[in-house]
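Structure first, commentary second.
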Amino acid sequence: MTLFPPGRIAKLAKTGVLVLIAFALVYIFSPNQFGTINPQHGRAALDDFTLQSLKGEKWSLRDQRGKVVLVNFWATWCPPCRMETPGLVDLQSKFAQRGFTVAGITMDEDPGVSVPDFVKKYGIQYPILIPGSHSSVADQVEALPTSILIDRSGRVARRFVGMVTEHSLSTDIEALLAEKE
């Protein structure tokens with residue numbers, strides 16, 4: 001009699017894999033889902049930057065003063081980025097009239113080739129920005145996706161490293177939209 005017959009080993013292996021996946025998902029998603037925005041007095045300004053959009057237009061952080069802005073660093077090849085994109089599209093639609101915008105900064109190597117189909121597939125209406133080789137804005141990125149939530153005064157209210165849910169962002173956006181400048 002064997003301690004672990006072949007069928008039992010396969011079942012244990014499947015269970016172990018599922019447990020590991022569950023722990024990985026909690027590890028990936030939970031750091032961004034808890035907590036709150038930084039108090040106003042503790043927020044530092046994000047350095048201004050100007051980038052060209054996928055459509056060839058200039059987009060400047062300085063020009064967004066008075067709005068709550070989510071700067072989202074992402075790439076088409078990044079699975080968590082693809083998972084969070086529909087939520088960002090929904091947030092842009094939901095809060096745009098109240099003074100909120102998303103700015104997606106693509107980290108793809110050849111955005112002119114890979115990004116247009118992605119934008120069309122997900123129905124992205126917010127600007128997609130391309131960091132130039134001389135731009136230091138990409139230095140803000142530790143991992144993909146990374147999102148920086150900026151208050152109406154251009155200060156960092158919260159930073160998210162890894163995927164963030166629409167619900168978590170919605171709560172923070174509501175709070176920032178309610179603040180006085």
Q | segment 36-181: C-alpha gyration tensor shape, a/c 1.5 cut-off, then a/b vs b/c | A | prolate
Q | Projected label distance in nm at GLN52 and LYS121, using a 7 Å step from Cα toward the beta-carbon | A | 2.5
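Going by C-beta contacts inside 10 Å, put HIS41, HIS167 in order with the fewest on the left.
Working: HIS41 5, HIS167 10.
Result, fewest neighbours first: HIS41, HIS167.
For MET107, MET163, what ranking results if the residue with the fewest other Cβ atoms within 10 Å of its Cβ goes first? Before the final figure, lay out the partial values.
Details: MET107 20, MET163 23.
Taking fewest neighbouring Cβ atoms as first place, the list is MET107, MET163.
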**Q.** Neighbour-count ranking [beta-carbon atoms within 10 angstrom, fewest first] of TRP77, TRP59
**A.** TRP77, TRP59
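Every number here is computed from the coordinates shown, using simple stated rules; none is lab data. Keep in mind that what you see is a predicted model, and the values were worked out from it rather than measured. Cβ: placed from backbone, ideal geometry, glycine included. Neighbour counts: every protein chain shown.
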